[in-house]
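The values are calculated or read from the model by the stated rules, or taken from the named source; none is laboratory data. As the structure is a computational prediction, the values presented were derived from the model and not from experiment. Counting neighbours? That spans all protein chains shown, and the Cβs are built from the backbone with ideal geometry, glycine included. Protein only, heavy atoms only, side chains kept; ligands, DNA and RNA dropped before computing areas. Shrake-Rupley method; radii C 1.70, N 1.55, O 1.52, S 1.80 Å.
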Amino acid sequence: MYDAIVIGAGPAGLSAAIACREWDLHVLVIDEYPKPGGRLLGQLYQDSNGDWWNGLEEAKKLLQRATELETDIRCSISVHHIEKISTGFCVHTNKGRFNASNLLLATGAAETPAPIPGWTLPGVMSIGAAQVMTNVQRVRVGKKGIIAGINVLSVAIARELQLAGIELHSMVLPAINSVTKQAGNPKQVMDGLIRVAHLAPSAFLRFGSKFAKATWVRDLAVKFYPRNGMEMWGMPIHIRKAIVQINGTDQVESVTLCNLTPDGDRIQGSEETIDVDFVCIAGGLYPLAELASVIGCPFQYIEELGGHVPVHNEQMETPIEGLFVAGNITGIEGAKVAGAQGTLAGLSIAKRKLKDVADISDKVVQAMEKVKATRRDAAIQFHPGINEGRAKIEKAFQAYDQVM
């Protein structure tokens, strides 16, 4: 019987395990990937202060500390069921069953698909798959490509692909359909573009983003958006063009683009064909929370957090006794916030285990403040209104707690 099982060996899971081991808890970390680190393994971007965030190096630091603390980390283990038992939890995996008195779900996020006609052709991939192939597997995804979908994730990964020597024609929108209503709307996309403009090398873009937060200015910017796009790192970003068709016989050969009105409607007769050999589709991220559902944890849909998230409080506790969550399963944010949440969750687990230890409550309070500070200083925000979203989930927890 473990004191805690951590599912997910990304920044949240490893940070939580380290916090638990520092209080001498018996911890097991499991992950379905062949090596620990999660999404950290593929991340590389430049902060607004000029410093580079190298996810691979950050993963090495976490793994080194976990190893120093003799943390039990096992990879290539898939969890397919979780059972609540009298002593805690029984985790069912492809390598047997493991029991623990506490359980932390740090399963991260998954990509939202954005269907485009022709998207089943070889050479079409999600933007996250391109990141993993390039930065983790060191596989060249193609010679020349285009990105369908403009959001925080695609802008960051586009830069990573460029640094790997991969040519990108441009970033455009997916054509509007029942799934891509927001991702294909120029005004909605402009809101997201404003949140990453501070990372652009262009001082003009950074300066302009301060004013474009006003709705009327945003709408005006969309209406008069340059026909040739706005360049970021030498790559045109088009919010008035969309991919309406991916073309090819046995693989991607080209895409058909179409100009858009400010409301996202196609302008007939504006179609053009661009030769490319790969297409990256960026539909955004949503919390990967199936395991929380399996165990019966209540959920709340909160748009500011990226979708349905398990109900939890500021200490990362859920209404199910002994069940904790941390990282992108709680709402889509960056790896730094996930790591801070993981440390907080680990301390909360230790507090539940070591009730008589005097100073652990102070450590939990400090960790809560660290999460807030990390969120406040984050270079990238995936969703607007993240603080409002956090307030909503806390309110949901309080309501559920009163019922119980």
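Is segment 1-134 best put as rounded, prolate or oblate by its Cα gyration tensor, with a ≥ b ≥ c the root eigenvalues, rounded for a/c under 1.5, and otherwise prolate when a/b is larger than b/c, oblate when not?
Cα axes put segment 1-134 in the oblate bin.
For K144, which lysines qualify as cross-link partners when the Cα separation must be under 26 Å and same-chain residues fewer than eight apart are set aside?
K241
Which of the peptides 55-68, 341-354 is most tightly packed, and how do the rest follow, judged by the mean count of other Cβ atoms within 10 Å per residue?
Highest mean packing first, the order is 341-354, 55-68.
Can you give the angle from 0 to 90° between the axis of helix 152-163 and the longest principal axis of the chain, with both taken from C-alpha atoms, to the nearest 10?
Once rounded, one gets 70 degrees.
What does the accessible area per residue of the chain come to in Å², with a 1.4 Å probe and no ligands, DNA or RNA counted?
46
Taking 0.36 nm per residue of sequence separation and subtracting the Cα-Cα distance, how much length would be gained by fully extending the chain between A110 and E32, in nm to one decimal?
In short, 26.7 nm is gained.
Under 1.5 on a/c is rounded, so check that first for segment 264-306, then, if it is not, pick prolate when a/b is larger than b/c and oblate when it is not; a ≥ b ≥ c are the square roots of the alpha carbon gyration tensor eigenvalues.
Prolate, since a/c reaches 1.5 and a/b exceeds b/c.
Taking a threshold of 31 Å on the Cα-Cα distance, which of the pairs K60/K84; K35/K336; K143/K372 fall above it?
Too far apart for the 31 Å limit: K60/K84; K143/K372.
Please name whichever of I329, P319, Q366 sits farthest to the positive end of the charge dipole of segment 289-394, dipole taken about the Cα centre and charges placed at Cβ: Lys and Arg +1, Asp and Glu -1.
The residue sitting farthest along the positive end of the dipole is Q366.
Please name which of C20, N54, T71 has its Cα lying farthest along the dipole of the chain towards the positive end, using unit charges on Cβ (Lys, Arg +1; Asp, Glu -1) and the Cα centre as origin.
N54
Determine the share of the chain's accessible area contributed by carbon and sulfur atoms, expressed in whole percent, with a 1.4 angstrom probe.
Answer for the chain is 51 percent, counting heavy atoms of protein chains only.
What's the magnitude of the charge dipole for the chain around its Cα centre, counting Lys and Arg as +1 and Asp and Glu as -1 at the beta-carbon? Answer in Debye, nearest 20.
500
Of the listed peptides 2-10, 308-316, what is their order by residue-averaged count of other C-beta atoms within 10 Å, with the highest listed first?
Order by mean packing, descending: 2-10, 308-316.
Straight-line reach from K187: which aspartates and glutamates have a Cα under 19 Å away, not including same-chain ones fewer than 8 places off?
D219, E231, D263, D265, E303, E304
How high is the FRET efficiency from R97 to D72, r the C-beta distance, R0 22 Å, rounded to 0.05?
0.90
Out of I295, I237, H308, whose Cα points farthest toward the positive end of the dipole of the chain (charges: +1 Lys, Arg; -1 Asp, Glu; placed on Cβ)?
Positive-end residue among those listed: I237.
Mind ranking 132-140, 23-31 by how tightly packed they are, going by the mean number of other C-beta atoms within 10 angstrom, highest first?
With the highest mean Cβ count within 10 Å placed first, the list reads 23-31, 132-140.
When a/c is below 1.5 the answer is rounded, else prolate if a/b is larger than b/c, else oblate, so apply that to segment 345-404 with a ≥ b ≥ c taken from the square roots of the Cα gyration tensor eigenvalues.
Taking the square roots of the gyration eigenvalues as a ≥ b ≥ c, segment 345-404 is oblate.
Taking the chain as the reference, fit the longest principal axis to its C-alpha atoms, fit the long axis of helix 386-403 to the helix C-alpha atoms, and give the angle between the two in degrees, 0 to 90, nearest 10.
The angle comes out near 40 degrees.
So if each residue of separation counts as 0.36 nm, and I subtract the Cα-Cα distance between E321 and D359, what length gain in nm does that give?
Result: 11.4 nm gained on full extension.
On full extension of the chain, what length is gained from H308 through E253, given 0.36 nm per residue of separation minus the C-alpha to C-alpha distance?
16.1 nm
Quick check on the chain: helices-only [θ] at 222 nm, where DSSP H runs of length 4 and up contribute -39,500 (n - 2.57) each and the sum goes over total residues. Nearest 500, please.
-10000 deg cm²/dmol
Inverting the mean 1/r over all pairs of different Cα atoms, compute the Kirkwood radius of the chain and quote it in Å.
So the Kirkwood estimate lands at 22.2 Å.
For helix 55-68, report the angle its Cα long axis makes with the longest principal axis of the Cα atoms of the chain; keep it between 0 and 90° and round to the nearest 10°.
It is inclined by approximately 10 degrees.
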